[in-house]
Amino acid sequence: MTTAKRDTYTPETLLSVAVRVFNERGYDGTSMEHLSRAAGISKSSIYHHVSGKEELLRRAVSRALDGLFGILDEEHARVGPAAGRLEYVVRRMVEVLIAELPYVTLLLRVRGNTGTERWALERRRDFDHRVADLLRAAAAEGDVRDDVDGRLATRLVFGMINSIVEWYRPGARGAGEREVADAVVRLVFGGLREVS
């Protein structure tokens, strides 16, 4: 593991290191000692800026959640026919996932063992429900199929998008961010669009 230099330490670089270590070792398997070694700073330096690893977890999952919830506030997610808004949200979810890959990966791995994890899971459920509501609205407008249960369709869409964290590596040969987003939108809406 590469350690950060003391003179480049900032709360943001500490958060980045913590997310990497949490993703490698698991949150429960990470101690403050692990974080200290990975960051190249003393534990007391970490405690000078955060109360502990749970605060780092909350900051990390907040970053992922803020990115996802931010999508729902964008104009194209709020204005127009529901199917178009849904397509926009699906595309942006892929883009946010890729842009914030380590943070979203961590978010998807929380299990509810701490107060922060339970809070993150509740916020994820809220986001999922809001996207499911959009899918139901698109079905009610007749623009997407209504012969597949909306909750099931939403879970399948999220499953496809969330699986990206398992295989996508920025800079690796293969599909780039735009190609992945285009492919997800084509696959999702090829199956969801209402057939005459």
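Is the stretch 57-68 home to any residue that is crowded, with 16+ Cβ neighbours inside 10 Å and not in a helix (DSSP H, G or I)? Talk me through it step by step, then tell me what you get.
We begin by selecting, within the stretch 57-68, every residue crowded, with 16+ Cβ neighbours inside 10 Å; these are 57-65, 67-68.
Subset that is not in a helix (DSSP H, G or I): none.
No: the stretch 57-68 contains no residue that is crowded, with 16+ Cβ neighbours inside 10 Å and not in a helix (DSSP H, G or I).
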| message | Pairs needed: first member in the stretch 15-41, touching a residue at least 60 places away in the same chain (Cβ under 8 Å); second member anywhere, among the aromatic types (Phe, Trp, Tyr); C-beta distance under 9 Å; at least 6 residues apart or different chains. | response | Val19/Tyr103
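Tell me the helices (runs of 4 or more DSSP H) entirely within the stretch 75-172 that contain at least 3 residues that are touching a residue at least 24 places away in the same chain (Cβ under 8 Å) and more than 29 Å from Val17 (Cβ to Cβ).
Helices (runs of 4 or more DSSP H) meeting the threshold: 82-99, 115-140, 150-162.
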| said: The conditions are (1) among the hydroxyl-bearing types (Ser, Thr, Tyr); (2) closer than 22 Å to Thr116 by Cα; (3) surrounded by 15 or more Cβ atoms within 10 Å (Cβ to Cβ), and Ser31 fails exactly one of them. Which is it? | reply: (3)
| remark: Restricting the stretch 97-145 to residues that are within 14 Å of the chain's Cα centre (by Cα) and among the basic types (Lys, Arg), the one surrounded by the fewest Cβ atoms within 10 Å (Cβ to Cβ) turns out to be Arg125
| task | Report yes if some residue within the stretch 137-156 is among the hydroxyl-bearing types (Ser, Thr, Tyr), within 30 Å of Lys53 (Cα to Cα) and not assigned by TED's automatic domain parsing to the domain that holds Glu24; otherwise report no. | result | no
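The values are calculated or read from the model by the stated rules, or taken from the named source; none is laboratory data. Here the structure is a predicted model, which means the values were calculated and not measured. Cβ atoms come from the backbone with ideal geometry, glycine included; neighbour counts cover every protein chain shown.
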